[in-house]
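Peer 1: Have a look at the structure that comes next, please.
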């Protein structure tokens, strides 16, 4: 970690978990650093990407060309003053008659629904590493890339996998 890295203790927005965090709380410095220097890291406070990315993890972000982002990649984007870390499910492309407008469909691994499409203006970069305590997880390794592609394919059915856990949690911690 370099001394010039921007750290943000902002809450990462999830579809079900509505965490409110103003831009002044740290999202703006990270977004500015990403746009100016091409890399940054942030502290995750949210559960929308559990178990892949957990609350308390540090996520390192690198500026990668929007056109090179693929299904299964974990990206960071800024929306409504919040930073969001979610997985790319697929890419939407416009018709050939329009300019080459492309949008990304994203979803948190533990979220039920997909997010509104992410535009190039909202996109900040791709997550490359996760630091969890003393453990460093390289998201660009072959096994992590393959796991990400698999998760992107089965993501629409994840709500059925999490439903029993949510029901038990609701009954026990009501």
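Peer 1: Please compute the modelled spin-label separation between residue 93 and residue 50, points set 7 Å along Cα→Cβ, answer in nm with one decimal.
Peer 2: 3.8
Peer 1: May I pose another question? For 48, 55, what ranking results if the residue with the fewest other Cβ atoms within 10 Å of its Cβ goes first?
Peer 2: Least crowded to most crowded, the residues run 55, 48.
Peer 1: For a footprinting-style exposure proxy, rank 49, 114, 34 by other Cβ within 10 Å, fewest first.
Peer 2: Ordered from fewest to most neighbouring Cβ atoms within 10 Å, 49, 114, 34 come out as 114, 34, 49.
No value in this document is a laboratory result; all are computed from the given coordinates. Please read all numbers here as calculations on a predicted model, not as lab measurements. In this analysis, Cβ positions are derived from the backbone assuming ideal geometry, glycine residues included, and neighbour counts consider all displayed protein chains.
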